[in-house]
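Participant: Shown below is the structure under consideration.
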Amino acid sequence: MSATAEKKKENGGRIEERAYALAAPILEEKGYRLWDVCFEKEGAMWYLRILFDKDGGIDSDECEEVSEPLNKLIDKQDFIGKIDILEIGSPGLTKRLRRPEHFKSCIGEKIRVTVRDEKGKEVSVFGTLAGYDDENKSFTLEKDGGETEIFAVSDCVKINSDL
């Protein structure tokens, strides 16, 4: 990884951590749980995504309810100049698993794991999340037929819940 890419990753991680710490109490106070905060570049734009949920899912009125207080809080932060677009919403039905708490909360659920094969092509593997090893940052996938496979989170392109 280049020094520039490393610096972007480091700064992005700090922005995610700070935004997570700011958003969690606001969402919890209103009865929601913070699923994730992602600071990502898409094209020329940098997005800060604050994703929240509750049992039964959320609707557009609930997104609107938390958008104003979260927007006001983020606008006051010194990192606001690095954000082009602030998105506040649901993680969706096929939510991305990135944090240990994501894996722990989804044990027993169907997931889709995207990895690269030996030629660098992305391939998807489907199964049930059977366990998560916090120490090794790895998880066990039980495939149809009962065969299990262990994946290091760092070896995966993406990991999502699956319908």
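Participant: Test K143 against the stated conditions and say whether it is farther than 24 Å from D55 by Cα, touching a Phe, Trp or Tyr at 6+ places or on another chain (Cβ under 8 Å) and surrounded by 13 or more Cβ atoms within 10 Å (Cβ to Cβ).
Facilitator: The answer is yes for K143.
Conditions (1) assigned to a loop (DSSP other than H, G, I, E, B); (2) polar (S, T, N, Q); (3) open to solvent by 70 Å² or more (accessible area, probe 1.4 Å), marked per residue:
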| position | (1), (2), (3) |
| --- | --- |
| R18 | no, no, yes |
| A24 | no, no, no |
| E28 | no, no, yes |
| D36 | no, no, no |
| F52 | no, no, no |
| G57 | yes, no, no |
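Participant: Another question, if that's okay. Do you know which of the residues in segment 73-114 that are open to solvent by less than 20 Å² (accessible area, probe 1.4 Å) and in contact with a helix residue (DSSP H, G or I) (Cβ under 7 Å, 6 or more places away or on another chain) is farthest from A152 (Cα to Cα)?
Facilitator: I74
Participant: Sticking with this structure for a sec: Name the strands (runs of 3 or more DSSP E) wholly inside segment 108-163 in which the number of residues that are of a type in the set (A, V, I, L, M, F, W, C) is 3 or more.
Facilitator: Because the criterion is at least 3 residues that are of a type in the set (A, V, I, L, M, F, W, C), the strands (runs of 3 or more DSSP E) in segment 108-163 that meet it are 110-116, 122-133, 148-152.
Participant: Still on this structure, please answer the following. How many residues does segment 115-139 hold that are closer than 18 Å to S154 by Cβ and either touching a residue at least 40 places away in the same chain (Cβ under 8 Å) or not hydroxyl-bearing (S, T, Y) (or both)?
Facilitator: 16
The values are calculated or read from the model by the stated rules, or taken from the named source; none is laboratory data. For clarity, every value in this text was computed on a predicted model and none was experimentally measured. Note: ideal-geometry Cβ built from the backbone for every residue, glycine included; neighbour counts use all protein chains shown. Note: accessible area is taken over every heavy atom of the protein model, side chains too, but ligands, DNA and RNA are not part of it. Shrake-Rupley method; radii C 1.70, N 1.55, O 1.52, S 1.80 Å.
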